[in-house]
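One structure below.
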Number of protein chains: 2
Amino acid sequence: MSAPRFGRITAGPAAPAGGEALSELLAGGGARVVRIASRGQVDPEGAWYDQAEDEFVLLLRGAARLGFADGTERSLAPGDWAVIPAHCRHRVAWTDPAGETLWFAVHLPPA
Amino acid sequence: MSAPRFGRITAGPAAPAGGEALSELLAGGGARVVRIASRGQVDPEGAWYDQAEDEFVLLLRGAARLGFADGTERSLAPGDWAVIPAHCRHRVAWTDPAGETLWFAVHLPPA
C-alpha cells in the first residue's frame, strides 16, 4: 500500500510571461491529472488541438478564453469548467497577460 | 465530433445536512471526474474506503479532514489536494457542519 501525497494547487511552477507551465499531479491507466499555470499564453490562430481523448478543464484563478473550430469562443472565470470531447478542435484564444491563470485539467484515457 | 459542455463548479446539487451530494461531470475509459458537496458528512470510525484505483481530490471550498488507517489525519483547506493511492485505506474524518464543503475528485482507471 502506497502512502498518500498532499499538495496545494497554488504552489507549483510559475508561468513564464507569454507562456505556460505544466505539472503532472497524477497519471495512470491512460488518464492524467495536470496543473497548468498560464500568463498571457495564447495558441496561434488556426492551430487546433485535436485530441484522441476527452478532456476536463477547471479554471481556478485568473481568466481565459477558449476558441473552437466552429468560430465560437467561450470565456472562463474562476469556478468555470469545460468538457472538451475527443476530436473537438479547440485552442486557447486568450489568457490574462496581467496575472497568472491557474487551470486544472484531466485527460481521460483515449477511447 | 461532439460539442463541448460548460458549467460552473459552484452550481450543482447542494449537500444535505450531515450528508453529501455527488455528481459525475465526466466519465470514460474507467476514469471518473466527480463533484462532491458535503455538509458535516463523516464516514463512521473504522469504515475505510479501500479502492482498486488511485484517486485525486482537490478541496475547492470549505474545510475537511481525511483519516488514514495508520491513525494519521490530514486537514484540507481550499486549494489543498491529495492523491490517495489504490488500497490506501481512508475515510472522511470530518467536514465542516456549518457550511458547504466542495470537492473535486478524479478516479483513475483501476490498475
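The values are calculated or read from the model by the stated rules, or taken from the named source; none is laboratory data. Since the structure is predicted, the reported quantities are computational estimates derived from the model, not experimental observations. FYI the Cβ positions are ideal-geometry reconstructions off the backbone, even for glycines, and counts take in every protein chain you see.
Of the residues examined, B:GLY28 is one that is buried (at least 16 other Cβ atoms within 10 Å of the Cβ), farther than 13 Å from B:ALA105 by Cβ and without any contact (Cβ under 8 Å) to a residue 40 or more places away in the chain.
Within the stretch B:53-65, residues that are within 8 Å of B:VAL83 (Cβ to Cβ) sit with their Cβ atoms under 9 Å from residues that are hydroxyl-bearing (Ser, Thr, Tyr), at 6+ positions apart or across chains, in these pairs: B:ASP54/A:SER2; B:GLU55/B:TYR49. The residues of the stretch A:77-94 that are over 11 Å from the mean Cα position of the chain (by Cα) and farther than 11 Å from B:PRO4 by Cα, listed by number, are A:ALA77, A:PRO78, A:GLY79, A:ASP80, A:ALA93, A:TRP94.
Among the residues of the stretch A:11-51, which ones are farther than 23 Å from A:GLY71 by Cα, aliphatic (A, V, I, L, M) and in contact with a Phe, Trp or Tyr (Cβ under 8 Å, 6 or more places away or on another chain)? Within the stretch A:11-51, A:LEU25, A:LEU26, A:VAL33, A:VAL34, A:ILE36, A:ALA37 qualify.
Restricting attention to the stretch B:39-87, the residues being closer than 27 Å to A:GLY12 by Cα and touching a strand residue (DSSP E or B) at 6+ places or on another chain (Cβ under 7 Å) number 28. Checked against the criteria, B:VAL92 does not count as closer than 26 Å to A:LEU76 by Cα and at pLDDT 95 or above. Annotation note: Cβ proximity below 7 Å between a residue of the stretch B:1-23 that is within 16 Å of B:TRP103 (Cβ to Cβ) and a residue that is surrounded by 14 or more Cβ atoms within 10 Å (Cβ to Cβ) and modelled with pLDDT under 95 (sequence gap 6+ or interchain) occurs for B:SER23/B:GLY12. Residue check, B:ARG39 against (1) surrounded by fewer than 20 Cβ atoms within 10 Å (Cβ to Cβ); (2) of a type outside the set (A, V, I, L, M, F, W, C); (3) touching a residue at least 60 places away in the same chain (Cβ under 8 Å), all met but one. Which one? The one condition B:ARG39 does not meet is (1).
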